[in-house]
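The values are calculated or read from the model by the stated rules, or taken from the named source; none is laboratory data. Keep in mind the model is a prediction, meaning the values are calculated, not measured. Cβ coordinates were reconstructed from backbone atoms using ideal geometry, including for glycine residues, and neighbour counts include every protein chain displayed. Calculation scope for accessible area: heavy atoms of the full protein, side chains included, ligands and nucleic acids excluded. Shrake-Rupley method; radii C 1.70, N 1.55, O 1.52, S 1.80 Å.
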Amino acid sequence: MSLFAYSLAVFILATAVATALFRDVLSVIIVFGAYSLGMAILYTFLLAPDVAMTEAAIGAGVTTLLLLLTIARTTRPTTDRLAERIHVPAVVAVGALVLVLCTAVLPEMYAVGGTETPVWSNPEVTQHYITETYEQTGVENAVTSVLAAYRGFDTFGEAVVVFAAGVSTLVVLKREVFA
């Protein structure tokens, strides 16, 4: 992995911890939006644009908007402290677990676009998708055929989530677009 990927992973972990520790609700919403945006960038870096777009739209966009609307329509409690008190033994235990997992998992990850990745190490499967998608699906673009035909249920599920988020946003905003 590159320095960018490691920096992005550190940013995501830091925003996740900050989301858990902050007491101010507005601060939590803003940091959670940054976390979702970081995850969308990570998914883009890992060459999963469909997941990245869903994370950006739902996580960083709609969820943040709904939470901000909720806090605007309710009372925001005042707090004396900015963050929760940290339980040091728990932080040490979780930190040790994260460190062990990072040292065990991250070096084993394949480089993005590397020829030693499982996709390229099995050329028969890759070649099948490249050559047979038009005959099997009738779609000229191989990526579109994989998303629409071979991964149809997954793509349909993502579309349902995006549609539900859009409808719930319209309901919260009380706008009628059908009138």
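A few points about this structure:
- Those helices (runs of 4 or more DSSP H) lying entirely in segment 1-73 with at least 1 residues closer than 21 Å to Val161 by Cα, in contact (Cβ under 8 Å) with a residue 60 or more places away in the chain and within 12 Å of the chain's Cα centre (by Cα): 49-54
- Scanning segment 67-100 for residues that are loosely packed, with under 10 Cβ neighbours inside 10 Å and either more than 15 Å from Val17 (Cα to Cα) or at pLDDT 80 or above (or both) yields a count of 11.
- Index of the failed condition, Thr64 passing every other in (1) β-branched (Val, Ile, Thr); (2) open to solvent by 40 Å² or more (accessible area, probe 1.4 Å); (3) within 28 Å of Leu173 (Cβ to Cβ): (2)
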